[in-house]
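Below: one structure, written as structure tokens.
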Amino acid sequence: MVAQRAHEVEISGIRKMFEAAPPGAINLGLGEPDFEPPAAVVDALCDAVRHGMNHYGPSAGISALRDKVAERYVDRDPDTNRDNVIITGSGSEGLMATALTLYDPGDEVLVPDPGFVLYAPHARLCGAVPVAYGLDEENHYLPNVDELEARITPRTRAIVVNSPSNPTGGVFPKATVERIVELAERHDLTIVSDEVYEEMIYDGKFASFWGRGDRVVVVNSFSKTLAMTGWRIGFLVAPRSLAVEINKLHYHMMACPSTPAQAAVLAGLNAGPGATQVMMKEFRARRELVVKGLNRIPGLSCVPPSGAFYAFPKFAWPGTAQEVAGALLQRGLISTPGDAFGSRGASHLRLSFAASRANLKKGMSILRAYAKEVNGG
Ligand SMILES: Cc1ncc(COP(=O)(O)O)c(C=O)c1O
């Protein structure tokens with residue numbers, strides 16, 4: 001009845017947990033800030049819809065917003081301009097449009113494990129084969145570049161990278177970025193760099209892949225930084241000739257991004273990074289709270305995330321990650337089983353700390369009670 005590709009993908013483990021949750025459960029499952037978009041952005045959205053910005057726009061986005069986004073990338077590559085930028089209907093759509101543009105059936109695509117839930121399914125939807133490379137706790141969740149190279153074959157087309165990482169919180173230092181770029185150039189691969197958490201760093205410094213070689217696509221989003229996950233708006237930056245191709249696929253999926261949302265985002269960017277900084281101050285405090293709290297629970301160990309807003313503790317309890325997350329769900333806590341992000345995520349849970357301190361404390365007391373139960377009271 002349906003095409004084979006529909007059988008190739010499933011609803012993500014993140015969504016499954018969310019949708020199976022009992023009423024009133026503490027939600028540390030979804031990756032979304034518990035903040036509202038900045039007032040300037042909300043006002044600009046209302047103004048836009050009241051003043052006629054309710055129609056189709058250019059498929060690559062309105063020029064003023066593309067210019068504004070390009071400005072941010074000029075210090076990474078001085079030649080960047082609006083022709084490099086496509087405004088997308090979210091980071092998710094940007095990733096799909098990029099995959100459809102780059103991957104042919106039979107191609108291999110290197111994806112992180114554990115890694116964000118869309119990379120491997122997107123490759124499969126294109127008929128390509130995702131090939132996992134590991135991110136290990138012992139290596140601060142950074143890729144082992146030799147392992148990465150060992151996985152390259154004549155069919156390898158692209159490497160997907162994500163720093164800061166969902167779910168691990170790992171942040172690539174500049175040296176890792178440079179090594180991956182060098183590797184990609186040597187093997188003629190395109191780098192798809194998911195940088196949606198670039199403004200969410202606690203330790204170290206963010207190093208972008210943009211401006212390092214001519215085979216890089218950066219996928220980004222306004223979802224997290226402007227606390228507008230429900231608005232569905234993002235962007236990507238690509239070499240000009242590739243951007244023309246990606247824009248065709250993007251057009252066939254959504255014609256154009258939301259016009260009023262673009263006007264609102266532009267107002268947000270013009271207002272500067274203040275709102276994101278306020279949010280980050282709070283996330284930093286919550287990170288301390290959660291990492292300390294988790295490491296005090298018998299059977300849990302948590303490496304402090306360097307970026308994003310997820311704790312990714314390892315558990316030494318009986319059962320698979322699915323089973324442990326299922327048991328926690330019955331006790332009123334929504335988490336995401338680590339193996340939803342790949343087999344190397346086994347024995348981990350992902351807990352989002354983009355939730356109120358009160359809910360984080362409640363979530364940790366459910367974990368504490370569970371640890372007591374499994375350790376025999
Ligand atoms: C690493 C990563 N990339 C991309 C996305 C997609 O974000 P959006 O589709 O809301 O822009 C997310 C959302 O959780 C993410 O964590």
Open item on the list: Here is a list: LEU148, LEU135, LEU125. Which entry is in contact (Cβ under 8 Å) with a residue 40 or more places away in the chain and surrounded by fewer than 24 Cβ atoms within 10 Å (Cβ to Cβ)?
Closed with: LEU125
Task: MET253 being of a type in the set (A, V, I, L, M), under 30 Å from HIS122 (Cβ atoms) and buried (at least 23 other Cβ atoms within 10 Å of the Cβ) - done: no
Task: Qualifying residue in segment 134-141 (condition: part of a loop (DSSP other than H, G, I, E, B), within 16 Å of the ligand (Cβ to nearest atom) and out of contact with any helix residue (DSSP H, G or I) (no Cβ under 6 Å at 6 or more places or on another chain)) - done: yes
Task: Exclusive hit being touching a residue at least 24 places away in the same chain (Cβ under 8 Å), among the small types (Gly, Ala, Ser) and assigned to a strand (DSSP E or B), set SER193, SER223 - done: SER193
Open item on the list: Filter segment 188-225 down to the residues that are farther than 21 Å from ALA99 by Cα, more than 11 Å from the ligand (Cβ to nearest atom) and of a type in the set (A, V, I, L, M) and list them by number.
Closed with: ILE201, ALA207
TODO: Give me a count of the residues in segment 226-243 that are away from the ligand (no atom under 11 Å from the Cβ), in contact (Cβ under 8 Å) with a residue 12 or more places away in the chain and not in a loop (DSSP other than H, G, I, E, B).
DONE: 4
Task: All positions within segment 65-83 that are in contact with a helix residue (DSSP H, G or I) (Cβ under 6 Å, 6 or more places away or on another chain) and more than 16 Å from the ligand (Cβ to nearest atom) - done: ARG66, ASP67, LYS68, ALA70, THR80, ASN81, ARG82, ASP83
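Filter segment 18-61 down to the residues that are touching a residue at least 60 places away in the same chain (Cβ under 8 Å) and at positive phi, then identify the one that is surrounded by the fewest Cβ atoms within 10 Å (Cβ to Cβ).
This residue is GLY24.
No value in this document is a laboratory result; all are computed from the given coordinates. Because the structure is a prediction, the values reported are computed rather than measured. Methodologically, a virtual Cβ is constructed for each residue, glycine included, from the backbone with ideal geometry; neighbour enumeration extends over all protein chains shown.
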